[in-house]
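For reference, the structure is listed below as structure tokens.
Read-outs throughout are calculated quantities, based only on the coordinates presented, and are distinct from any laboratory measurement. This is a predicted model, so every value here is computed, not measured. Here the Cβ positions follow ideal geometry from the backbone for every residue, glycine too, while neighbour counts run over all protein chains shown.
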Amino acid sequence: MLKLLPTTLRSVTTKRAAIQSSRLRSSILLKSCPKTVAAISTRSFHQTLVKFDQTPESALNEVVKAESKISEAIPNELDQVYQDFLSTSGFEVVSTPGTASVELVKKDADTGNVLHVYFDIDEVTDIPTEDLAALESGDLEEEANQLDQLLCNVKILVENPSNNSGLFLNLFLQNTESSFMIDFVNVQEDVNSFISAVKNENEFIDKFKYQGPKFAELDESLQTEFENYLVAKGIDNELADFIVAFSDYKEESEYRTWLNAVSKFLN
């Protein structure tokens, strides 16, 4: 039975450690699991001395700028292996600055269908509450094994532009199993409207619409063929590994942008 993993607000130290830990992972696979439960860690109030000639804004901005300087000094580039993956796999990244959602798109040369892979970097880079203390202690290699149980939601849409239909699959990433299963599968009869809702409202599920049978309860042969279908379309270990790496890269980029925006406001 898989444990539900809460997401957390992370300190700067923990965020740095989490990024380094995630890079110790050698492979990521797909696994069906319950949805993660959101939880927010708390932090006690404390006061620091403010210079007599400083306003609260200038005091905060001083710390923000210092953190920004530290952050900018840390290399943040997508490793060449992941850039090579994009070249060989045919996936194109659609990522808008200031948003947590990312889309990977490619055209299937055999069918003319368009494959869309959606994920949220917050779901990929957040870490379990119980791992925070050990991460902050600096024991990264030991904690990397525990972080292997990190779960994140990934959504797949196979679009058939010729008849405006699509096959939608909901998955969960995990790298502790050698195979993967699917949460649910359904057919989108108006794929253009579905894609529009995703882009404009970030809505993937209509709560009033039947989402399909529970995948785990399907005949085993049917489950296997769905999994084979996904692998044949490029939903495999390499893609999952790229999603984790790109999420770390984008999360750090967004963090730096956020620091600059806060500093600009405080000036």
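Compute log10 of I(q)/I(0) for segment 217-267 with the Debye formula, placing one identical point scatterer on every Cα and leaving out solvent, at q = 0.14, 0.24, 0.33 Å⁻¹, to two decimals.
With no solvent term, the Cα-only Debye profile gives -0.58, -0.87, -1.06.
Starting from the Cα of LYS209, step 7 Å along the direction of its Cβ; do the same at ASN267; then give the gap between the two resulting points in nm.
My value for the distance between the label points is 4.6 nm.
Can you give the three extents of the C-alpha atoms in segment 63-110 along their principal axes, from longest to shortest, in whole Å?
54, 23, 8
So for segment 191-240, what percent of the C-alpha to C-alpha distances run longer than 18 Å?
The share of Cα pairs beyond 18 Å in segment 191-240 comes to 57 percent.
Which net charge results for the neighbourhood of TYR229, defined as the other residues with beta-carbon distances under 14 angstrom from its beta-carbon, given Lys and Arg at +1 and Asp and Glu at -1?
It works out to a net charge of -4.
If packing is taken as the average count of other Cβ atoms within 10 Å, what order do 194-200, 105-111 fall into, highest mean first?
Descending packing order for the listed peptides: 194-200, 105-111.
Which length gain, in nm to one decimal place, applies between VAL105 and GLU77 when the Cα-Cα distance is subtracted from 0.36 nm times their residue separation?
Result for the pair: 8.0 nm of gain on full extension.
Net charge near VAL93: determine it from the other residues with C-beta under 10 Å of the C-beta of VAL93, scoring Lys and Arg +1 and Asp and Glu -1.
-1
Mind jotting down the three principal axis lengths of segment 168-267 based on Cα atoms? Whole angstrom, largest first.
Cα spread of segment 168-267 along its principal axes, largest to smallest: 62, 34, 20 Å.
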